[in-house]
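Take a look at the structure below.
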Amino acid sequence: AMWEVWMPLMLLGSLAMLSNSIEVDDEKANIYYVSAIGGWYLLSRFGFLVLGPLGLGMNPNAAVTTAWILTALVLLALGFAADRIQLRLASFAVLFSTVLKIVFVDLAKTDQAIKVVILMLLGLVMLGGGYWYIHHRPGAGPQAPAT
């Protein structure tokens, strides 16, 4: 399947991006990154099995895309719940990879009008998600002016 070719590339790219993301004074930071990427791989396989042709009968690419979106949402929720920036950054890596997969794989053989509508909706969802994240991240409350 096509996603089996993309998955290792996305995993390696995400690890490279996350390893250089930010400096954290936490010895466990890399453990969170590796755990998130490993969970991404496992949830991708699980989503393919449950949602794909052997399970609910979805198109394999759509099943993997759905699993990736759910993985990104779970990582983001866990990142907020545990106050771990590493998990939130990993969720962004998964979401970024999902957007790339949607654009280059899922929409490759789609009619132009449908592509335009889907990409506009995807852009609106990303804008809304960015707005929500900025207002709900730790330390996003009103701050006193610097003196």
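Observations
- Fewest neighbouring Cβ atoms within 10 Å first, the residues Val34, Val94 line up as Val34, Val94.
- Highest mean packing comes first when the peptides 47-59, 76-88, 110-122 are listed by Cβ atoms within 10 Å, giving 76-88, 47-59, 110-122.
- For segment 43-91, averaging the sequence separation of C-alpha pairs within contact (under 8 Å, six or more residues apart) and dividing by the residue count gives a relative contact order of 28 percent.
- Based on Cα contacts under 8 Å between residues 6+ apart, segment 35-147 shows a relative contact order of 19 percent.
- Those residues of segment 87-106 whose amide nitrogen sits under 20 Å from the label point placed on Tyr131, 7 Å along Cα→Cβ: none
- For Val103 and Leu54, the difference between the fully extended length at 0.36 nm per residue and the C-alpha to C-alpha distance is 15.1 nm.
Only the coordinates and a few stated rules stand behind these numbers; no lab work does. Just so you know, these numbers come straight off a predicted model, no measurement behind them. In this analysis, Cβ positions are derived from the backbone assuming ideal geometry, glycine residues included, and neighbour counts consider all displayed protein chains.
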